[in-house]
Amino acid sequence: MKPRRLRNVAAQTALIPSWLIVIFAYIGTIAWTIRISFTSSGIFPHYDWVGLKQYDRLFDSHRWVVSVQNLAIFGVIFIVGCLVLGFLLAVFLDQKIRGEGILRTLFLYPYAMSFIVTGLVWQWILNPTLGIEQAMHAWGWSSFSFDWLARGDRAIYLVAFAGIWQSAGLVMAILLAGLRGIDEDLWKAARVDGIPAWRIYLSVVIPMLSGMFVTALVLLGIAVVKVYDLVVAMTGGGPGISTEVPAKFVIDYLFNRQNVALATAAASVMFVAVFVVVGPWLYSQYLRRRPGEAS
Amino acid sequence: MMRSVTKYALLGTAMGLLAAVPAAAQSSGSDGGKDKAEVIHWWTSGSEHAAVEQFEKAFDAQGGNWVDAAVAGGGGDAARTNGINRIVGGNPPDAMQFNTGKQFDELVQNGLLRNLDPLAQKYGWKKEINPVLLSAVTEDGHMYAVPVNIHSNIWLWYSNSALDKAGVKPPQSWDDFFKDADALKKAGIIPLAQAGDAWTQVLTFFNVLIGEGGKDLYMNVVKDRSADAIKSDAFMKVAQTFGKLRNYVDDGMQGRQWNQAIALVIDGKAGFNFMGDWAKGEITHDGKVPGKDVGCIPGLGHNAFWIGGDVFVFPKNAKDEKGQDLLAKVMLEPKVQVAFNKEKGSVPVLTDISTDDLDACATKGVNLLKKEDYVPSSDILISPDLTGSLTDLVSSFFTDKSMTPQAFVDNFADIMAK
Amino acid sequence: MTHTAAETPRGPKPQRMTAGRIGLYAFLLVSAVFFLLPFYVMLVTSLKTMPEIQHGSIFALPSKATIEPWIVAWSKACTGANCDGIRVGLLNSFEILVPSVILSIGLGAINGYALSFWRPKAGNIVLTTLLLGAFIPYQVFIYPLVRMLSFVSLYNTLPGIVIVHTIFGLPIMTLLFRNYYEAMPADLFRAGRVDGGGFWTIFFRLILPMSGPILVVALILQVTGIWNDFLFGLIFAGRQHLPMTVQLNNVVNTTMGTKAYNVNMAATILTALVPLVVYFVSGRWFVRGIAAGAVKG
């Protein structure tokens, strides 16, 4: 098509604000972060050069190692939990049920609340002397015991659990939007052919929703890598350092511990790790020219 | 319909953005000849309000105009982040709170804070302010901050009713403490109400280090970072005592906040709690009297007072230098000091001041100060970075019974050697 | 709520109460209970007095309900020297919210549309860089952004904070719209081109009207994120434009002061009302069949 290039001028122009943001805000910040990670900066960035000193300290830090392990545990449970629960809720809400508007808002409300306080409430509920355990004892089930919050090896699961509570509604909304974009005729045709609904979901609908699943997955992935509020509000990183996560490491050193250099070193490692893990996928998804694209 | 709405909304936003630029560019100067001071601090709770109000009232009464910029969060992290970025961005506040200690050192080194020597000379501060605090706000012989209060973190609070129920007396030593704790346990009372936050566990650790180990050990270990002191038997004893405390906490520690921990003591559901003197706020809030219903011991064992607290710094290039001068002067006036510290539950920073109004626990503190039985807070002695590393270690040890005192001491030595 | 299961659902084809549908409602009901449990605790706590909270069970109903905490939270709670509650900054929050939401969603939609239908050269580099950047903790951006915005004299201004929100909203918004539009039938777009539509005409006339459900999702994401933001508002908006969440944070987030849990809960629920209303009202755009109808028509 000949006029394509001409029309593309409009498309290119439309992208100019985004280009500016990408270049200054994102690439600029990434370059700055990497640069500062090679300095000895305290509260204020300054531009000396100490080589890999911060990285040595980072990888020597027990807390960093624990943080990375927790990220893996949290990430798997949180993402799988949100996708499964979010998908089920979306599908069930899509069955022409009564009170959909109310139920939808109800599943979404945790996302709207400041986690400073909802995290505190979860702390209470999960606390053995205040919450569920105490209530069960009061109702006469005296052998009931639930002390995961106090156990260094279990507390991270509860953080993931509260995370699912907070974010599953969002996944539901995204998938529901996708479901509502599916042609009504599909269901009519299926009904005529007598195919059970679950088979349609499994073999037709889920593939059709792949774009929405990718959106949800990326969103959840970003939430996992950046998880901070949830941990601060639920456990403060404790017991001890057993629920620490990388983003909390960065933020603690950036502000409270006044070591910007170590914080940026940690942020750079996070960035490189994401680049290595997500980069190839992003490349194949968005950068590689797909066959038949040059329409 | 929707598309036209969207189109106009987009257009409207763009116009709004353009229109907002000149409006926002004009900065606000001092109004009506009053000396304005915008103050960043993190005293945001209802109980802290009463204290801040004392500053505000006194400042406004002397012709100032207090502009409040309170920001809570993370023990002052959010407020400091805000203030530091405003200095970087060229819009500094007139005054800004820090904890007494090394938190603002870098601002001094970068020449971002006003030198307060002329004011100190004019008002004779250098003779009146507690010497530990004065040296903490002085760098190269120049004064860069105004200390406003002294908080001690080294307090043991105990419930008289719980001790009575267990048939024991308030402890005089750590041996007594553990005897009492065993008796409390037997009586079905939580011996030690401990909160889950790491900083509260660090606070308990310093209680043990100073109370059990004594002032000299504390200074040798924390200030001088002496490897010999850390490897000494005395420090091992501290580690063992601190480790032993792990057996006297209950399951509800994790996820409990400091005020819920002291509430257990106030209710008589727990015997002991280690907390700073701000715990008095919770006690009086419940209609109880500190020193009577809930007893207080400053540094069980070797009694001592811990000198920490808050200071205000005055950035250069702020909008109103006269407002800064006035505010600094007002904050250190004896009358204002007494009024403020009474509300705050802390002790005035001026050495020669009437203490008749103070409660029983604060009076104990002042007596220790007069006898010079005090130590500087760890914030004064070590950097926030090092404090952070110690916090990670102390809370890991306290919450993991499988970690031995020996391992704790070894890790402690490693951190201090760096 | 228990009655709903017995009623006939609306919808084009009335359905009978089968075992499957009972199971469906049962699942939704159980989920609802799970989601509501923390809200229940918050609500009953907000209606109790402090002594009752300190000394009673968290699940118990208030022995004597009081709305005093709600009044305090709204208009009396002290945060520093002032005692005006969380209502301070409500207007500022809207002032920040409206342009930030419109700008970030608008830009994201245009990006998504350009990337999926027009595929401009190097366009996907924008998306991939944005997506990679989205993985860096926001807090790392603060210092560079403060320097950049103060360089162009936008630091501590309303446009400054709007730009910051737009910057951080852009990755997800672009991805969201791009993936939604990617799944749209290309025939539709071709038809628009054949009719002689240009870039903007096709966007406003054809694509945007079909974006209802995804606009709802975008709105949910952005309204929530921007409304609840506290740190950026604090640092970038400047004194005159501090959002309501700064007050909320001051009310609920003291470290050493006395904590009033009942007021904290009330303040949190009050602050969340705006996003909740948006969730509820925008739900009517969650309708099926716009796309299907448009394709055939």
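Structure summary
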item: Any hit, the stretch C:79-90, residues being within 30 Å of C:Thr255 (Cβ to Cβ), in a helix (DSSP H, G or I) and at pLDDT below 95; result: yes
item: Number of positions in the stretch A:165-177 that are within 10 Å of chain C (Cβ to nearest Cβ) and among the β-branched types (Val, Ile, Thr); result: 1
item: Any pair with Cβ under 7 angstrom, 6 or more apart, that starts in the stretch B:388-405 at a residue that is free of Cβ contacts under 8 Å to residues at least 24 places away in the same chain and ends at one that is of a type in the set (Lys, Arg); result: B:Gly388/A:Arg257
item: Candidate set from the stretch C:231-290 (those that are more than 9 Å from chain B (Cβ to nearest Cβ) and not in a helix (DSSP H, G or I)); member that is farthest from C:Thr45 (Cα to Cα); result: C:Gly289
item: Which listed residue is among the β-branched types (Val, Ile, Thr) and outside any helix (DSSP H, G or I), from B:Val409, B:Val375, B:Val394; result: B:Val375
item: Helices (runs of 4 or more DSSP H) contained entirely in the stretch B:210-317, each with at least 3 residues that are within 14 Å of chain A (Cβ to nearest Cβ); result: B:258-266
item: Residue that is nearest to the other protein chains (Cβ to nearest Cβ), among those in the stretch C:74-84 that are in contact (Cβ under 8 Å) with a residue 40 or more places away in the chain and closer than 11 Å to B:Gly46 by Cα; result: C:Gly80
item: Residue match in the stretch A:83-104 (condition: surrounded by fewer than 22 Cβ atoms within 10 Å (Cβ to Cβ), more than 14 Å from chain C (Cβ to nearest Cβ) and under 29 Å from the mean Cα position of the chain (by Cα)); result: yes
item: Residue among A:Ala168, A:Ala173 that alone is hydrophobic (A, V, I, L, M, F, W, C), modelled with pLDDT of 90 or more and under 25 Å from A:Glu244 (Cβ atoms); result: A:Ala168
item: Enumeration of residues in the stretch B:156-195 that are outside any loop (DSSP other than H, G, I, E, B), within 24 Å of B:Val238 (Cβ to Cβ), touching a residue at least 12 places away in the same chain (Cβ under 8 Å) and in contact with a strand residue (DSSP E or B) (Cβ under 8 Å, 6 or more places away or on another chain); result: B:Leu156, B:Trp157, B:Tyr158, B:Phe177, B:Asp180, B:Ala181, B:Leu184, B:Lys185, B:Ile190, B:Pro191, B:Leu192
item: Residue match in the stretch C:148-157 (condition: in the same structural domain as C:Gly108 (by TED's automatic domain parsing), within 27 Å of A:Val218 (Cα to Cα) and surrounded by fewer than 19 Cβ atoms within 10 Å (Cβ to Cβ)); result: no
item: Lone unmet requirement of (1) in contact with a helix residue (DSSP H, G or I) (Cβ under 9 Å, 6 or more places away or on another chain); (2) surrounded by fewer than 20 Cβ atoms within 10 Å (Cβ to Cβ); (3) modelled with pLDDT of 90 or more; (4) hydroxyl-bearing (Ser, Thr, Tyr) for B:Ser402; result: (1)
item: Matching entry among C:Thr224, C:Thr254, C:Thr271 (being crowded, with 24+ Cβ neighbours inside 10 Å, within 23 Å of B:Asn82 (Cα to Cα) and under 16 Å from the mean Cα position of the chain (by Cα)); result: C:Thr271
item: Candidates A:Val269, A:Val245, A:Val276, A:Val205, filtered to the one that is at pLDDT 95 or above, away from chain B (no Cβ under 13 Å) and more than 16 Å from the chain's Cα centre (by Cα); result: A:Val269
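The values are calculated or read from the model by the stated rules, or taken from the named source; none is laboratory data. Small disclaimer: the values here were computed from a predicted structure and weren't measured. Quick reminder, even Gly has a Cβ in these numbers, built from the backbone with ideal geometry, and neighbours come from all protein chains shown.
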